Amino acid sequence: MAPDATTSLVGRTVVVTGATSGVGEATARALGAAGATVVLAGRNVDRGKRIADEIGPRAEMMSLDLADLSAIRAFADAFADRRIDVLVNNAGVMAVPLGRTADGFEMQIGTNHLGHFALTGLLLPRITGRIVTVSSAAHLIGRIDLDDLNWERRPYNRAAGYAQSKLANLLFALELERRLAAARSPLRAVAAHPGYAATEVGSHTGTWFDRLFGFGKTILQRTPDQGAESVVLAASDPGIAGGYIGPSLLLYGAPGVATVGRRARDRETATRLWELSEKLTGVHFEIGR
């Protein structure tokens, strides 16, 4: 899906994390087709370069490992003299076995939330338009354990770890929106979710997610392009100033205002998660300065 024909992105620079496959790739292609200069960010540099070549001369691939704070800082440093109009925090891992990032975080919360939290904070002085953070319908079953965010004491559950990370994404996006508004910043924070999309990430998790994705593949038959519709809309529609965008029927349908679960509306948890994320990453946001 490309943005509406009346929405030109010519002259605008968009960074998309996890842009070398699935919804991220579809998002990068759609925004590139609308005229944006697209920076594909991810670990598979060779594949990213091939996709960038296919998008056209305004696209480029840059290496980014969200499971390594030093790599995130290096990526952000490369933008010291560059403007970013839109940052799309899309990359993620799903229901993986217990593992640790380079900095010792549980892999899912470390990559999906803490990595994007750090990236957004470091790039914020360069961003002129909006930050789109991709969550999931799985946030509805997620629970945040602020006393054991990185699964160091409780028994690890890979599906619960994924749901926690997606709830963290949404809590972060909504809290960022509130802080930007309070500071009267011209920047906007928007959350989005793709619903079901037939991508590689959800097919071999070793959890009940496999059955859900198998059902979706057989019955819903939604492609990555369709899954990207909500993300593309959140990134490109000037009429969307915040909130949460997703398919009208939770897992499929035209994009529109999505349901925000009760736990994602908990402002105290959002504030505490923000403070903990600052402590763990060492990244503090310059909002309204």
note = Here the residues within the stretch 7-54 that are open to solvent by less than 40 Å² (accessible area, probe 1.4 Å) and over 21 Å from the mean Cα position of the chain (by Cα) are THR7, GLY35
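For (1) free of Cβ contacts under 8 Å to residues at least 60 places away in the same chain; (2) in contact with a Lys or Arg (Cβ under 7 Å, 6 or more places away or on another chain); (3) within 15 Å of HIS116 (Cβ to Cβ); (4) of a type outside the set (A, V, I, L, M), each residue gets a yes or a no:
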position: ASP148; (1), (2), (3), (4): yes, yes, no, yes
position: GLU152; (1), (2), (3), (4): yes, no, no, yes
position: ALA159; (1), (2), (3), (4): no, no, no, no
position: LEU170; (1), (2), (3), (4): no, no, yes, no
position: ARG184; (1), (2), (3), (4): no, no, no, yes
query = Considering only strands (runs of 3 or more DSSP E) fully contained in the stretch 57-140, which possess at least 2 residues that are in contact with an Asp or Glu (Cβ under 6 Å, 6 or more places away or on another chain)?
reply = 127-134
inquiry  = I'm checking my understanding of the structure. Among residues of the stretch 94-121 that are under 19 Å from the mean Cα position of the chain (by Cα) and open to solvent by 30 Å² or more (accessible area, probe 1.4 Å), which one is modelled with the lowest pLDDT?
reply    = VAL96
message = It is to be established whether one or more residues within the stretch 260-272 are within 21 Å of ARG179 (Cβ to Cβ), open to solvent by 20 Å² or more (accessible area, probe 1.4 Å) and within 17 Å of the chain's Cα centre (by Cα).
response = yes
task = For the stretch 23-35, indicate whether the set of residues that are touching a Pro at 6+ places or on another chain (Cβ under 6 Å), over 24 Å from ALA138 (Cβ atoms) and in a loop (DSSP other than H, G, I, E, B) is non-empty.
result = yes
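The values are calculated or read from the model by the stated rules, or taken from the named source; none is laboratory data. Computed from a predicted structure; not experimentally measured. All Cβ positions, even for glycine, are placed from backbone atoms using ideal geometry, and neighbour counts span all protein chains on display. SASA here: full protein model, heavy atoms, side chains in, ligands and nucleic acids out. Shrake-Rupley method; radii C 1.70, N 1.55, O 1.52, S 1.80 Å.
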